[in-house]
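The structure under discussion appears below in the form of structure tokens.
The values are calculated or read from the model by the stated rules, or taken from the named source; none is laboratory data. All figures in this text were calculated on a predicted structure; none of them were measured in a lab. In this analysis, Cβ positions are derived from the backbone assuming ideal geometry, glycine residues included, and neighbour counts consider all displayed protein chains. Ligands, DNA and RNA are stripped out before the accessible areas are found, and what is left, the full protein with its side chains, is counted by its heavy atoms. Shrake-Rupley method; radii C 1.70, N 1.55, O 1.52, S 1.80 Å.
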Amino acid sequence: MSEASVPRPNTLPIRLLRLYGGLALYGTGIGFQIDSGLGNAPWNALHQGLAMRTGLSIGTVIIMVGALVMLLWIPLKEKPGLGTISNVVFVGLFADAAVYLLPTATYWAASWLYLVLSVVSIALATVLYIGAGLGAGPRDGIMTGLTQLGLSLRLSRLLIEITVLALGWLLGGTVGIATLVYALAIGPVTQLFARRFPLT
């Protein structure tokens, strides 16, 4: 099937299916990442570190951080959509469910399988929920807001990721080989899925 023949998310039911399916998959990907024990993406390192310090579940921390991040949208003049609010609530809930249901990887093969599944899940999830066109995630909104202040997209993303990763590491979040693998693989894998599920 050619890219041109792929159905576009031009009806509300399809867009909602993409949104909530994507958010469920995103939370599942976070669960794989946490349970791999090999390291986390920057935001998940922060979430894990805060969860360890507070005794709250990783999903609860994701929800709380997402809500706090949305407050930064006010000075940046970003406007949330249904997808933004849903992202704040549902990613954390699905992440908690995944962490609870998935057995912790105890062998290196299982850890690497979880890492691969994490990258694939989050990449596909990103394409699905962004492609729904119902609003960016709360963390993405900071990046787009900074670009409107004059920073390049690349610099905005870099500053955010480095700051969040450093905070997560200082709080005790797991940073390791998976952090590097995720950083190198997430872009190409996301692009691969974007060819099958167009963003516009």
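Here are a few things to note about the model shown:
- Here V181, V127 are screened, and the one residue that is in contact (Cβ under 8 Å) with a residue 60 or more places away in the chain and either under 17 Å from I34 (Cβ atoms) or of a type in the set (D, E, K, R) (or both) is V181.
- Restricting the stretch 1-19 to residues that are closer than 24 Å to D96 by Cα and either in contact with a helix residue (DSSP H, G or I) (Cβ under 7 Å, 6 or more places away or on another chain) or modelled with pLDDT under 50 (or both), the residue that is most open to solvent (accessible area, probe 1.4 Å) is R18.
- Filter pass, V175 being in contact (Cβ under 8 Å) with a residue 24 or more places away in the chain, open to solvent by 30 Å² or more (accessible area, probe 1.4 Å) and touching a helix residue (DSSP H, G or I) at 6+ places or on another chain (Cβ under 6 Å): yes
- Within the stretch 36-55, restricting attention to residues that are more than 15 Å from the chain's Cα centre (by Cα) and of a type outside the set (A, V, I, L, M), the residue that is farthest from L158 (Cα to Cα) is G55.
- Residue that is modelled with the lowest pLDDT, among those in the stretch 93-104 that are over 24 Å from F193 (Cβ atoms) and in a loop (DSSP other than H, G, I, E, B): T104
- Selection within the stretch 37-88 - in contact with a Gly (Cβ under 7 Å, 6 or more places away or on another chain), closer than 29 Å to Q148 by Cβ, buried (at least 20 other Cβ atoms within 10 Å of the Cβ) and without any contact (Cβ under 8 Å) to a residue 60 or more places away in the chain: I62, I63, T84, V88
- Helices (runs of 4 or more DSSP H) wholly inside the stretch 4-90 that include at least 3 residues being small (G, A, S) and over 23 Å from G176 (Cα atoms): 12-36
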